[in-house]
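What follows is a set of notes on a single structure, which appears directly below.
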Amino acid sequence: MSKFDNAFNYSKSGFEEIFSKTRDVAVSINKKGTQALDLSRKRFEFLDTKAKLSKAYEKYGRLQFSINVNEPVNSQELEDVTALIMSYRDKLEALKEEIEDSSEIKDTSEIKREAQELKKEVKAASIEAREVFKKQMEEVRKNAKEVFKNVQPQSKDNDQPEITEVEPQVQKQTEE
């Protein structure tokens, strides 16, 4: 194994760990986001059904008023409205129970907390990666100097190119 290979044999366990945590948090956030979306849909359906129930009651009230003032009313229409009211009431009760059962995800602070933790871990991993990269580049630079010394004969004019350290632009980007 050459010295160049040694420079890039950094243990990947630190990076694998941060990627694993990132994946776990993303899965958790996705799951909770899906649950929150389902809860929102149920709440919307609850409000929509409540509005439909209100209109059905209004229609039922008009039919009852017509009966009270001795106007002709289609009895089938009255039965249909009564059945519609009963179905909306049953649907509202079922939706209310589903919403109460899903109340465990009302608090989004846990999702925000996990996202903040992930952000901190990614930032720490980025700093660690930058440091590892700098160390690896320094090792490569040293090894390259040694290889050039061994491969090229020394001349009296000392016309060997000077190998200088290259600062990665990654450092500038992560500091922002």
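The values are calculated or read from the model by the stated rules, or taken from the named source; none is laboratory data. Model, not experiment: these values are computed from the prediction. Cβ sites come from the backbone with ideal geometry, for glycine too, and all protein chains shown count toward neighbours. Note: areas computed on protein heavy atoms with side chains; ligands, DNA, RNA excluded. Shrake-Rupley method; radii C 1.70, N 1.55, O 1.52, S 1.80 Å.
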*asked:* So the check is Cβ under 6 Å with 6+ separation or different chains; which pairs have a first residue in segment 47-69 that's more than 15 Å from E79 (Cβ to Cβ) and a second one that's surrounded by 11 or more Cβ atoms within 10 Å (Cβ to Cβ)?
replied: T49/Y88; T49/K91; T49/L92; K52/Y88; L53/Y88
*asked:* Can you say whether E97 is part of a helix (DSSP H, G or I), under 30 Å from K55 (Cα atoms) and open to solvent by 80 Å² or more (accessible area, probe 1.4 Å), as far as the supplied structure shows?
replied: yes
*Just for segment 109-142: of the residues that are among the polar types (S, T, N, Q) and within 25 Å of the chain's Cα centre (by Cα), which one is surrounded by the fewest Cβ atoms within 10 Å (Cβ to Cβ)?*
S109
*Looking only at segment 7-20, which residues are open to solvent by less than 80 Å² (accessible area, probe 1.4 Å) and modelled with pLDDT under 75?*
A7, Y10, S11, S13, G14, F15, I18
